[in-house]
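Notes to accompany the following structure.
Values in this text are rule-based calculations from the coordinates and carry no lab data. Keep in mind the model is a prediction, meaning the values are calculated, not measured. Virtual Cβ from ideal backbone geometry, glycine too; neighbours counted across all protein chains shown.
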Amino acid sequence: MITDPLFYFFAVPAVLIFGVAKGGFGNAIGVVCVPLMAMVISPMQAAGILLPILCVMDVFAVRKFWGQWDSRNLKIMLPAALVGVLLGSLTFSYLNESHVRLIIGLLALAFALNFWLKSESSIQQTPNPIKGAFWSTIAGFTSFGIHSGGPPVNFYLVPQKLHPTVFMGTCTIFFGITNYVKLIPYFWLGQLDSQNLLTSLVLLPLAPIGVSLGYYLHKRVSPQKFYQIFNFFLFITGCKLTYDGLALL
């Protein structure tokens, strides 16, 4: 178990932010969490510590959004996400952290800027097997590396202008299943060793607190405000990941 107080100074807000993201503000804002914890430990160790906590958060989030998802999208997205996780597992030893952060950061910035600059009268998109499979494969791959599958998923889902609750329900099921599948390769690759698991256990009580806070805010924010807040955080995290990726090249 990690005992350094400086680690918990960064880890506690990281876990709470991820809980708020899962509870009602989209997984995109959760991409800051691994980089935040990576201020004091390696990103790979941070990902290993976070995964069991995310799996517990997923249980709470699924209960809150049960039945409020888009089945058409999930049928397209989930198989592709599993392919992405498999690719992440097979390329783990070759994964360049700076490249992953840079790609995700640029995607997040592109999406946020597109949302702000496009006309409000733009046509609402519908579920698309090709686009859904493409972005979901990327989401599975990047989710495996640093739990940052939110931006690719949002690239696909947000243009459909789903109701915020349906949007969150779809993301909750998508990332819940993806995270539980990730437990297998994480264990196989040694990411779930005793030190990481004990540290996860210490941080675990924060999981329901973060999810409940996110759900509370989700129910009290209008759909328009939801997407404005969502894209603000997406832009900030995009800047952060792009900077980190460039700095590490």
Practice item. Kindly write out, for the range 5-10 in residue order, the coupling ³J(HN,Hα) from the Karplus curve 6.51 cos²θ - 1.76 cosθ + 1.60 (θ = phi - 60°), rounded to whole Hz, with x marking Gly and Pro. Key: x, 5, 4, 6, 4, 8
Practice item. Compute log10 of I(q)/I(0) for the chain with the Debye formula, placing one identical point scatterer on every Cα and leaving out solvent, at q = 0.09, 0.14, 0.16 Å⁻¹, to two decimals. Key: -0.34, -0.86, -1.16
Exercise for review: Per DSSP H run of at least 4 residues, take -39500 (n - 2.57); add these up for the chain, divide by its residues and hand me the 222 nm value, nearest 500 deg cm²/dmol.
Suggested key: -24500 deg cm²/dmol
Exercise for review: Describe numerically, in nm with one decimal, the distance between label points set 7 Å from Cα along Cα→Cβ at Val202 and at Leu86.
Suggested key: 3.8
Review point. What is the distance, in nm, between label points placed 7 Å from the Cα along the Cα-to-Cβ direction at Gln228 and at Ser98?
Key: 3.9
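Quote the relative contact order of the range 5-248 in percent (integer), defining contacts as alpha-carbon pairs under 8 Å separated by 6+ residues. Show your work: numbers first, answer last.
On the way: 377 pairs, mean separation 102.0, N = 244.
Once divided by the residue count of the range 5-248, the mean separation gives 42 percent.
For the chain, how many pairs of lysine residues have a Cα-Cα distance under 17 Å, where the two are 8 or more positions apart or belong to different chains?
Details: Lys22/Lys64; Lys22/Lys219; Lys64/Lys219; Lys75/Lys131; Lys118/Lys161; Lys118/Lys225; Lys131/Lys161; Lys161/Lys225.
Taking the Cα cut-off of 17 Å, the pair count is 8.
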